[in-house]
Amino acid sequence: MVELVPTAHPLSALAIRGGAPGERGGGEGERGEPGDDRHPARDESRLDDEGGGHARARAGVPSEGTGAAKGEGGKAGGHGGRSQGAGRDQERRREDGGVRASPRPRHRGEGSGEAFGYGDEHDRDRQAEGARLGGESCDDRHPRRFAEEDPMGDRVARTALLGIALLLGGAATRAAGSDLGLFEAHGEVGTVGKPGSAAYDAKAGTYTVTGGGENMWFATDAFHFVWKKASGDLSLAADVRFVGTGGNPHRKAALLIRQGLEPDAAYVDAVVHGDGLTSIQYREERGGPTREIQSNVKGPRRLRIEKEGDYVFLSVAREGERLAAAGGSFKIRFTVPFLVGLGVCAHDDAVSETAVFSNVELTMGLPTSAGEPVLESTLETIAIASKDRRVVRQAREHFEAPNWSRDGKHLVFNRGGRLFTLPVEGGEPREIDTGFATRCNNDHGLSPDGTSLAISDQSQGDGRSLIYVLPATGGTPRRVTARAPSYWHGWSPDGRTLAYCAERNGEFEVYTIPAEGGEETRLTTAPGLDDGPDYSPDGSFIYFNSERTGTMQIYRMRPDGTEQQQMTSDGHADWFPHPSPDGRWVAFLSYEKDVKGHPANKDVMLRMMPAGGGETQVLAKLFGGQGTINVPSWSPDGTQLAFVSYRLARR
């Protein structure tokens, strides 16, 4: 006999454990970035510097998330460092550490012709909808109750349950009397050549899951799933290991949140592959493509996936370490109820693979944070063809605005008034010597030949931003602008001219000046803020953002200020346009239309449009804004962007 086992929706803040000890994370914090006075009325919130940790809702378990970051703001302002306050072809080509050597289509057919590679070639037959999960659940504590009161009603109820089970194709069923611990049911999602299984060992507190299936990628999935219904915020953590060696390097063991049992359902998972690659994978909508955010930690012992509101986060721990945020959050919306559980995919439909999940801990309804949240910053790169993201650095500290070095090997970013360089593959940052300039904001960038670095610093005089140039390797800054405040944004392709935003006589406009210094030239005169100028790679245009229509939009003009042309007008507030090195695209940051200025800690999007204007593409949805992509951040080959996302984490 097959029995469908529904349970009540979890609504309380309850931690359900499978024997996992609590874990603790930590970190040092530091002050925020220097500010400016372009938006003097804005008062950024601040993040304090006190440690803490939220309880795991388990008696006697140490809390996670100790430590804090002080995101202390500089001067209240809306720009340029101006106070953050408080952002798959079935074989992957990687270097050591699970990092692909270069972006490329992930499967046959992906990326053919179109920049984003998802078109009609991926049309497929939709799977039958089946029965949707919904309605109120009942429990099975009194299985004979209705038989005693109404035998016919009992028969109808049994028939209905069996019908639902058949509609769900077996993935929602389990053998009567079996014990799945924290979970309700298990079975196949999609079509698999080798049926899987699931077994719970209550004494050991382990779940052994065997799964077949070709993949969990593209627009459909095939794997074995152990699940329960859920709603609201939650956290699922487990130690994960594969049984045996020598399997497909892309086999997957995952902690999942999934909208339904359909093969093409929206989902997100925290997944470790056979070769150690660890990432968040997600399908934002039913039938859509799968994307991923790769962690910079390979082969962790323990994973955790957290859902807070519409955002999902990944944490990892190596052997002997405590769970720590892996960075790379994103926004995805699920309707209630959705499913949460464990999954295994063989990545080869002719075989099956087995993984053991131990110390499984499921928390429904996350505890209320004690005190102010802690700021976490994540430096990421995104491949524009696949929209896959990779974490370079994540820390409980405030950093901003990456530039990509001209040789493609390093990133430059600002933190605590100083500038740092970091290998693209990750590692420890190295401070760049900027001499007396110790209050550098987030308006900085490398010259076209990579030998010089333009900075905007607020350490001198009355503390207003001035533009300087120094050797890219560090040295004594040379002052370029005589007047303040001035905020650098772009180099001309020949390296002779700097473009910047400056406030003169109460108006913020776009200016240019010789890189060696001299007289500045005003290019814009429209009322309201004009900002963020950056040159096209051939030098024929300067792109910038302006609020002259009442909403911040992207414009372009000739280098002498003529032929000013609006490029966006689609209901968002758009900032900081950056033309790609090949001249094909312009990337920019978008807020909701009613957001004024470019504040920190907002729901934003990275978007891209053709350089000549046209339909925009969403590259990523994230939490960020100020500091995310203020300055040029394209890779030299034009295939990737660097940016910073943020999180206000629970203590």
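The values are calculated or read from the model by the stated rules, or taken from the named source; none is laboratory data. Worth saying up front: this structure is predicted, and the values here are computed from it rather than measured. Here Cβ is always computed from backbone atoms with ideal geometry, including for glycine, and neighbour counts include all displayed protein chains.
Annotations for the structure displayed:
- Among residues of segment 419-433, those that are within 19 Å of the chain's Cα centre (by Cα) and either in a strand (DSSP E or B) or buried (at least 19 other Cβ atoms within 10 Å of the Cβ) (or both), counted: 1
- ALA198 surrounded by fewer than 21 Cβ atoms within 10 Å (Cβ to Cβ) and not basic (Lys, Arg): no
- Scan of segment 579-610 for residues that are crowded, with 21+ Cβ neighbours inside 10 Å and under 14 Å from TYR555 (Cβ atoms), ordered by number: PRO579, VAL586, PHE588
- When GLY571 is tested against (1) modelled with pLDDT of 95 or more; (2) under 25 Å from the mean Cα position of the chain (by Cα), exactly one condition is not met: (1).
- Among the numbered conditions (1) touching a strand residue (DSSP E or B) at 6+ places or on another chain (Cβ under 8 Å); (2) over 26 Å from LEU453 (Cα atoms); (3) not in a strand (DSSP E or B), the only one that GLY614 does not meet is (1).
- For beta carbons closer than 6 Å, sequence separation of 6+ or different chains, a first residue in segment 237-253 that is modelled with pLDDT of 95 or more and a second that is of a type in the set (Phe, Trp, Tyr), the qualifying pairs are ALA238/PHE357; VAL240/PHE357.
- Residue match in segment 621-631 (condition: assigned to a loop (DSSP other than H, G, I, E, B), touching an Asp or Glu at 6+ places or on another chain (Cβ under 9 Å) and surrounded by fewer than 24 Cβ atoms within 10 Å (Cβ to Cβ)): no
- Candidate set: segment 327-363, residues that are at pLDDT below 95 and in a loop (DSSP other than H, G, I, E, B); chosen: the one surrounded by the most Cβ atoms within 10 Å (Cβ to Cβ): GLY327
- Within segment 524-542, tally of residues that are touching a His at 6+ places or on another chain (Cβ under 8 Å) and among the acidic types (Asp, Glu): 2
- Test: ALA499 is more than 15 Å from PHE436 (Cα to Cα) and in a strand (DSSP E or B): yes
- When the test is whether a residue is closer than 23 Å to HIS186 by Cβ, touching a strand residue (DSSP E or B) at 6+ places or on another chain (Cβ under 7 Å) and in a strand (DSSP E or B), ASP264 does not pass it.
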